[in-house]
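Remarks on the structure that follows.
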Amino acid sequence: MMKNNDKSSLNVTTQIEEGFWVHCFQNNSTKMMRKTQAVNSSFIQFHFCLKGRGQFVFNQGNYVFPVEEEHNILLFNPQRDLPIDLQLAPDTWLVSLVISIKKFHRLFSQDAEHIPFLSEENTTKKYYDTAVSTPNMAVVLSQILNTNVHPSMQGLYMKGKVYELLSLYFNKNEDANSAQCPFLADEDNVRKIRQAKEILLTDMTEPPSLIELSQQIELSLNKLKEGFKQLYGETVYGYLLNHKMEEARRLLDSGKFNVNEVGLKVGYSTSSHFIAAFKKKYGTTPKKYLLSLSS
């Protein structure tokens, strides 16, 4: 795994299996983020933009493919290499899957007739596609980008989520998502839930109560709790707690702050409460975590 530890951005590459990689990008900075990588013609690319926007640049800038929020892109061209030259705007999150055509055929050998570019007549043709990501995909993408499992389980968890994402992508039953997530079929509700998340992260140290939050986004309390759990896979305050602990870990990693300072920065007025929350999340105290960084 390769990781960029800049606090303002996340750039993680994980090998799922031989010939199969997942790339996670989070541009939390105020500047454009650029990612380049060689990808030859024997690979298929899937790109899922959870939020924000960007663009793929091809043929030395002669052709640009836009990346839009809540959309996904499939790129496959057996006739020529398609290196990734990706430019992401500030506040953009994107997950990319790069998988060899050989590996991909093995995965879908029983279902190739349901996938147009796997049909025999299309094996030598280029295939580009873009579509709106479903609410269920948004949940899985958020879980991939905000993994909160023990490091020893990271690889297994990521593998499971990536395969889940692929299965949702190729699920052509249009009624599947509304049957499983009727609340999230309403785009206005999804917009309000995302607004609630942004309010939480902006006011992380002094978050509003659930009632105040529901009033701010003009959504009932029950719909706020139900929708947040559907979209992000966690309760409102469970999501906030995980975010605060991840931010605390990043602050400790920087080496610029002591335990008390980090606790205050993520909204704990007493160090004992911060230490207890950190230990529950990571299985060790902040002090021991700091010591492990220098060992």
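Laboratory data are not the source of any read-out in this text; all were calculated from the coordinates shown. Source: prediction; values computed, not measured. Cβ atoms come from the backbone with ideal geometry, glycine included; neighbour counts cover every protein chain shown.
What the table shows:
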{"read-out": "Residues with amide H under 5 Å from that of PHE43, placed H, sequence gap 5 or more", "value": "ILE101"}
{"read-out": "Karplus-derived HN-Hα couplings along segment 47-55 (A = 6.51, B = -1.76, C = 1.60, θ = phi - 60°), whole Hz, x at Gly and Pro", "value": "10, 10, 9, 6, 7, x, 7, x, 7"}
{"read-out": "Candidates SER272, SER100, SER152: whichever shows maximal mean-square fluctuation once the chain is modelled as a Gaussian network with Cα springs under 10 Å", "value": "SER152"}
{"read-out": "Long-range amide H partners of GLU70 with built H, under 5 Å", "value": "CYS49, LEU50, LYS51"}
{"read-out": "Furthest towards positive pole of dipole, MET204, TYR127, GLN230, structure part the chain, Cβ charges", "value": "MET204"}
{"read-out": "Packing-based exposure ordering (other Cβ within 10 Å, fewest first) of TRP21, TRP93", "value": "TRP21, TRP93"}
{"read-out": "Label point distance in nm, THR285-MET153, each placed 7 Å from Cα along Cα→Cβ", "value": "2.5"}
{"read-out": "Of LYS192/LYS225; LYS31/LYS244; LYS192/LYS281; LYS223/LYS281; LYS223/LYS265, those spanning more than 21 Å from alpha-carbon to alpha-carbon", "value": "LYS31/LYS244; LYS192/LYS281; LYS223/LYS281; LYS223/LYS265"}
{"read-out": "Cα-based shape type of the chain, given that a ≥ b ≥ c are square roots of the gyration tensor eigenvalues and the cut on a/c is 1.5", "value": "prolate"}
{"read-out": "Helix-only CD estimate at 222 nm, as mean residue ellipticity for the chain, using -39500 (n - 2.57) per DSSP H run (n ≥ 4)", "value": "-12500 deg cm²/dmol"}
{"read-out": "Max mean-square fluctuation residue, GNM over the chain, Cα-Cα springs under 10 Å, options ASN72, ASN28, ASN62", "value": "ASN62"}
{"read-out": "Three-way shape call for segment 238-294 based on the alpha-carbon gyration tensor, with the a/c threshold at 1.5", "value": "rounded"}
{"read-out": "Difference of contour (0.36 nm per residue) and Cα-Cα distance, ASN260 to ASN28", "value": "81.0 nm"}
{"read-out": "Karplus-derived HN-Hα couplings along segment 228-240 (A = 6.51, B = -1.76, C = 1.60, θ = phi - 60°), whole Hz, x at Gly and Pro", "value": "5, 5, 5, 7, 10, x, 9, 5, 4, 7, x, 5, 5"}
{"read-out": "In order through segment 246-262: 3J(HN,Hα) via Karplus (6.51 cos²θ - 1.76 cosθ + 1.60), integer Hz, x for Gly, Pro", "value": "5, 5, 4, 5, 5, 5, 5, 4, 5, x, 9, 9, 8, 4, 4, 5, 5"}
{"read-out": "Sorted by Cβ neighbour density within 10 Å, fewest at the top, the residues MET245, MET158", "value": "MET245, MET158"}
